[in-house]
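What follows draws every value from the coordinates through simple rules; no lab data is involved. Computed from a predicted structure; not experimentally measured. Glycine gets a Cβ as well: all are built from the backbone with ideal geometry, and neighbour counts include every protein chain shown.
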Amino acid sequence: MSKKYITTPIYYINDIPHIGHAYTTIAADVLARYYKEKGDEVFFLTGTDEHGAKIAEAAKNAGKEPKEFVDGLLPRFKEAWKNLNIEYSEFFRTTDPKHEKIVQELVGKLVEKGFVEKKKYDGLYCIACEKYLKSSELVNGKCPDHKTEPIKQSEENYFFKLSGPAISSKLLSLINNNELIIEPQTRKNEVLGKIKQGLEDVSISRAGVEWGIKFPGDDSQTIYVWVDALLNYYTATKIFDMEAWESHPADLHLMAKDILWFHAIIWPAMLLALDLPLPKKVFAHGFFTVGGQKMSKTIGNVLDPNKLADKYGTDAIRYAVLREFPFGEDGDISEEKIASRYKNDLGNELGNLLQRTISMMNKYGVTPDRKRSYFLTDEGEIEEADEEPTAELLYDDHIKNLQFEMALQNVWKLIRETNVLIEEKKPWVLAKAENKIELERVLNLAFYRLYSVAKLVAPFMPETSDKMKKQLETLKPEQLFPRIDS
Ligand code: MSP
């Protein structure tokens, strides 16, 4: 048994959660459930990022005080994760006074250790990113991610001394030696490239932002929201009493590529400066568009995970988002794609197979042979064994490598083969011909396949897995994914 500490980003609480936030959270939940099922002790952390200019602005637009505003939105996040059956261990909030206190202490330590310098800075700030952008990063004068013009800021700030060879050469060697694993490989190359280009000092305070944690020793400044946010991964281990965990801060930080820079460079650099251990792995998945377009309120294509889960069920959403395209790559989703996965993969392929198999067992009086196992040989013959044969699945490897869509493809291969088997062997013909032995073998094989499938889909579709197991135990068939009339 080992211990695993897995995190999602803490999401900005300036609006209600959308399917993009749900995507990372579902992936983390699948991993957490997978490892728990294997007997590992898992600490799965998610939460909300509640300070900074972006939240303050959203609160102001809503005519509320920032704290009142974030408190008001919090239930929407918790409710969404409940609807999606997310079993997080703890929910983190950066407005937790315990976090605020530890963050001040840690920033104080950076100052004490000589890693902080006060200087004047003129820059272009994107509030939506909550970061300064270089003019070379702009596209037609706008932030490439948010398509908005950054604002000119000239402030005297505290800077984290990231430039200079000390930290960057350490980071380079840690990443090259895989002591700090960055995946996928393309993202690792990007990170290495950026470090080699030379790192600049990072501003870690704001003079003009009141909604934040006060900078230690200078009440006129607040701690930069990203420093406050990244430290959550560490402060959580103190707040939630994880002292006994060998691995601080984390085994795996999950996020999309938009914030990899902060997780793969700034965060490890801060930990190095503080003499704290580094995370083991940082994995940046892709970004998705909705129906071919960037998800945006203006376009009106923002997908609400709650509404989708109400319509298609929690498991269908969990399945569809991870099945649609490889986790590390960019891709596209839409309600149509989810509906089609629901109808085809879940309803027609999985649901029908279960219902048919159980109905035929009842109809033809075949009882599951629980003492033996049945499997298909490469030649398409049905073999029996006393023990469950180890299906040649790369499922475990796929999940450990975060290749969720490949793991699911593998499971669906089993389902499809079993459907083909039934079509080819035609149990109804075998029953008519009174070929009892072959009939029992075919239906038992389908039965065992379905049992394996129920186990394999458990991290992705926990409710479906339970329903399948129950139906296979009681031999009472019920539609798993009833038709939805849209
Ligand atoms: N508050 C920071 C994170 C601080 S972590 C120390 C933040 N929050 S965010 O609300 O903007 O969330 C960004 C994350 O949401 C992405 O990294 C990704 O995990 C998820 N996604 C948001 N939109 C997404 C897509 N369209 N596609 C895929 N993931 C998306 O950044």
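Would you work out which of V282, N352, H21 lies farthest towards the positive end of the dipole of the chain, given +1 charges on the beta-carbon of Lys and Arg and -1 on that of Asp and Glu, about the Cα centre? Result: H21. Given +1 at the Cβ of Lys and Arg, -1 at the Cβ of Asp and Glu and no other charges, the dipole of segment 55-129 around its Cα centre is 160 debye to the nearest 20.
For segment 76-128, report the convex hull volume of the alpha-carbon atoms normalised per residue, in Å³, without decimals. Each step should come with its number before you reach the end.
Details: hull volume 8.0 nm³, N = 53.
About 151 Å³ per residue, rounded to a whole number.
Summed over all non-identical Cα pairs, the Kirkwood treatment of segment 1-74 gives a radius of 13.8 Å. Shape verdict for segment 162-243, please, from the Cα gyration tensor: rounded (a/c under 1.5), prolate (a/b greater than b/c) or oblate. Because a/c hits 1.5 or more and a/b fails to exceed b/c, segment 162-243 counts as oblate. Computed with the Debye formula from one identical point scatterer per Cα of the chain, without solvent, the log10 of I(q)/I(0) at q = 0.07, 0.14 Å⁻¹ comes to -0.44, -1.36. Gyration tensor over the Cα atoms of segment 384-486: the corresponding equivalent ellipsoid has semi-axes (square roots of 5 times the eigenvalues, largest first) of 26, 18, 13 Å.
For segment 114-156, the convex hull spanned by the alpha carbon atoms encloses 80 Å³ per residue. For the chain, take the longest principal axis of its alpha carbons; what is the angle in degrees between that and the long axis of helix 352-363, to the nearest 10 within 0 to 90? Tilt of helix 352-363: around 30 degrees.
For the residue pair T474 and W261, what label-to-label distance in nm results when each label sits 7 Å from Cα along the Cα-to-beta-carbon direction? Calculated label separation equals 5.5 nm. Using C-alpha pairs under 8 Å with a sequence gap of at least 6, the mean separation divided by the residue count of segment 355-461 gives a relative contact order of 31 percent. Taken over segment 39-195, the convex hull of the Cα atoms encloses 203 Å³ per residue. Report relative contact order for the chain in percent, whole number only (criteria: Cα-Cα under 8 Å, sequence separation at least 6). In percent, rounded to a whole number, it is 14. Any chance you could check the Cα centroid distance between segment 66-144 and segment 346-398 for me, in angstrom? Segment 66-144 and segment 346-398 have Cα centres spaced 49 Å from each other. Extension gain, N178 to E41, is 46.9 nm, computed as 0.36 nm per intervening residue step minus the present C-alpha separation. Which of the aspartates and glutamates could a cross-linker bridge to K98, judged by Cα under 13 Å and excluding same-chain residues fewer than eight apart? Counting by Cα, and skipping residues close in sequence, K98 has these aspartates and glutamates nearby: D228, D241. What aspartates and glutamates sit close enough to K119 to cross-link, taking a C-alpha to C-alpha distance under 18 Å and skipping anything fewer than 8 places away on the same chain? Partners found: E155, E156, E200, D201, D218, D219. Site pair E87 and T298 shows an inter-label distance of 4.3 nm when each label is modelled 7 Å from Cα along Cα→Cβ. Projecting the Cα atoms of L171, Y233, P368 onto the dipole axis of the chain, where Lys and Arg carry +1 and Asp and Glu carry -1 at the beta carbon, places Y233 farthest toward the positive end. With a Förster radius of 25 Å, plug the Cβ-Cβ distance of D241 and L274 into 1/(1 + (r/R0)^6) and report the FRET value to the nearest 0.05. Step by step, r from the Cβ atoms, then E = 0.75. When the listed pairs K4/K343; K101/K400; K142/K297; K64/K297; K4/K307 are checked against a 28 Å cut-off, the alpha-carbon distance exceeds it for K4/K343; K101/K400; K4/K307.
Would you please put 294-306, 221-233, 418-430 in order of how densely packed they are, using the mean number of other Cβ atoms within 10 angstrom per residue and starting with the highest? Write out the running numbers ahead of the final one.
On the way: 294-306: 14.5, 221-233: 24.5, 418-430: 16.3.
Output ranking for 294-306, 221-233, 418-430: 221-233, 418-430, 294-306.
Once the Cα atoms are used to define both axes, helix 185-197 deviates from the longest principal axis of the chain by about 10 degrees.
List the chymotrypsin sites (Phe, Trp or Tyr not before Pro) within segment 329-393 that fall in a DSSP loop (any state other than H, G, I, E or B) and whose Cβ has at most 12 other Cβ atoms within 10 Å.
Values: sites: Y342, Y364, Y374, F375; in loops: Y364.
For chymotrypsin sites (Phe, Trp or Tyr not before Pro) across segment 329-393 that sit outside H, G, I, E and B with at most 12 neighbouring Cβ atoms in 10 Å, the list is empty.
Projecting the Cα atoms of P459, I10, L421 onto the charge dipole of the chain, computed from C-beta unit charges around the Cα centre, puts I10 farthest toward the positive end.
When both segment 417-432 and segment 157-210 are represented by their alpha-carbon centers, they are found 59 Å apart.
Exceeding 29 Å between C-alpha atoms, which entries from my cross-link table qualify? They are K426/K470; K194/K238; K60/K113; K113/K147; K3/K455; K36/K363. Pairs exceeding 29 Å: K194/K238; K60/K113; K113/K147; K36/K363.
Considering all alpha-carbon pairs of segment 86-173, what whole percent are spaced by more than 17 angstrom?
Here the long-distance tail beyond 17 Å is 69 percent of all Cα pairs in segment 86-173.
With Rh defined as the Kirkwood radius, the inverse of the mean 1/r over Cα pairs, the Rg/Rh of segment 193-287 is 0.99.
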